[in-house]
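A.B. asks: Got a structure for you, written out below as structure tokens; questions coming shortly.
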Amino acid sequence: MNQNLNFTDCSGKADLAVIKQFQEKNKVTLPSAYVQLVTRCDAARLEKTDLVFYDDNRKRYVQVGIDVFLSWSSDYKYSKLIDYYHAPPEFFPKGLLAFGLDGGGNLFCFDYRENPLECDPQIVFWNHELDSVNIIAKNFNSFIASLMSFEEAFEAFGRHES
């Protein structure tokens with residue numbers, strides 16, 4: 001993982017023991033780069049948040065942004081990973097594990113549908129309004145590397161639209 005990530009907001013650091021307990025209890029392995037990020041900055045908000053991908057359902061490119069990484073802290077007031085895991089939204093596909101939220105209620109997820117034991121799963125975007133899942137990165141490191149500023153993503157989006 002890029003150690004030079006710029007955070008705009010943090011809510012402390014995720015407890016590694018809580019993460020390990022979650023992994024053991026739920027028989028899932030989270031990507032090490034993700035664990036490194038959240039143990040540096042829980043409920044992270046990054047400086048570069050946006051990316052552009054081809055939405056298979058809409059048959060066009062879309063620009064989305066990760067607003068916040070879900071928190072590991074039981075004291076955090078807002079979006080918690082464990083809450084999404086135990087009480088997922090209606091129609092949320094089995095085998096996905098949400099780790100981030102955009103500003104409209106859509107989720108960035110680890111995709112364990114094909115292999116629940118995968119230690120570096122692909123990253124997908126779940127659109128709750130369309131109930132659609134799109135692959136957006138081959139793994140967490142690729143996801144982080146694909147993030148851009150809003151302006152950079154807007155420019156990239158414009159290149160796809162022309």
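A.B. asks: Please enumerate the residues belonging to region 18-38 that are open to solvent by 40 Å² or more (accessible area, probe 1.4 Å), under 19 Å from residue 84 (Cα atoms) and free of Cβ contacts under 8 Å to residues at least 60 places away in the same chain.
C.D. replies: Hits for region 18-38 are 18, 20, 21, 24, 25.
A.B. asks: The conditions are (1) farther than 21 Å from residue 45 by Cα; (2) in contact with a Cys (Cβ under 7 Å, 6 or more places away or on another chain); (3) not basic (Lys, Arg), and residue 88 fails exactly one of them. Which is it?
C.D. replies: Unmet for residue 88, out of (1) farther than 21 Å from residue 45 by Cα; (2) in contact with a Cys (Cβ under 7 Å, 6 or more places away or on another chain); (3) not basic (Lys, Arg): (2).
A.B. asks: Sticking with this structure for a sec: Quick one: would you say residue 50 is open to solvent by less than 60 Å² (accessible area, probe 1.4 Å), over 25 Å from residue 7 (Cα atoms), among the charged types (D, E, K, R) and touching a strand residue (DSSP E or B) at 6+ places or on another chain (Cβ under 6 Å)?
C.D. replies: The answer is no for residue 50.
A.B. asks: So which of 81, 107, 97, 101 ends up being in contact with a His (Cβ under 9 Å, 6 or more places away or on another chain), within 24 Å of residue 15 (Cα to Cα) and open to solvent by less than 40 Å² (accessible area, probe 1.4 Å)?
C.D. replies: Among 81, 107, 97, 101, only 107 is in contact with a His (Cβ under 9 Å, 6 or more places away or on another chain), within 24 Å of residue 15 (Cα to Cα) and open to solvent by less than 40 Å² (accessible area, probe 1.4 Å).
A.B. asks: When you look at residue 11, is it out of contact with any helix residue (DSSP H, G or I) (no Cβ under 8 Å at 6 or more places or on another chain), surrounded by 19 or more Cβ atoms within 10 Å (Cβ to Cβ) and polar (S, T, N, Q), yes or no?
C.D. replies: Judged against the criteria, residue 11 is a match.
A.B. asks: Another question, if that's okay. Could you count how many residues in region 117-126 are assigned to a loop (DSSP other than H, G, I, E, B), touching a Leu at 6+ places or on another chain (Cβ under 9 Å) and either buried (at least 19 other Cβ atoms within 10 Å of the Cβ) or not hydrophobic (A, V, I, L, M, F, W, C) (or both)?
C.D. replies: Of the residues in that region, 1 qualify.
A.B. asks: Restricting the search to region 91-128, which residues are of a type in the set (D, E, K, R), out of contact with any Gly (no Cβ under 8 Å at 6 or more places or on another chain) and in contact (Cβ under 8 Å) with a residue 24 or more places away in the chain?
C.D. replies: Across region 91-128, the qualifying residues are 118, 120.
A.B. asks: Here are 114, 90, 129: which of them is open to solvent by 60 Å² or more (accessible area, probe 1.4 Å), part of a loop (DSSP other than H, G, I, E, B), within 24 Å of residue 49 (Cα to Cα) and not hydroxyl-bearing (Ser, Thr, Tyr)?
C.D. replies: Only one candidate qualifies: 129.
A.B. asks: Name the one entry in 38, 52 that is at pLDDT 95 or above, aliphatic (A, V, I, L, M) and under 30 Å from residue 158 (Cα atoms). Steps first, please.
C.D. replies: Details: 38 fails: under 30 Å from residue 158 (Cα atoms).
Selected residue: 52, the only one of 38, 52 that is at pLDDT 95 or above, aliphatic (A, V, I, L, M) and under 30 Å from residue 158 (Cα atoms).
A.B. asks: If you don't mind, another one. Answer yes or no as to whether residue 67 is at pLDDT 95 or above, closer than 30 Å to residue 151 by Cβ, surrounded by fewer than 18 Cβ atoms within 10 Å (Cβ to Cβ) and touching a strand residue (DSSP E or B) at 6+ places or on another chain (Cβ under 8 Å).
C.D. replies: So residue 67 passes the test.
The values are calculated or read from the model by the stated rules, or taken from the named source; none is laboratory data. The structure presented is a predicted model; accordingly, all values stated were derived computationally and were not measured. Note: ideal-geometry Cβ built from the backbone for every residue, glycine included; neighbour counts use all protein chains shown. Side chains are part of the model used for accessible areas, which takes the heavy atoms of the whole protein and leaves out ligands, DNA and RNA. Shrake-Rupley method; radii C 1.70, N 1.55, O 1.52, S 1.80 Å.
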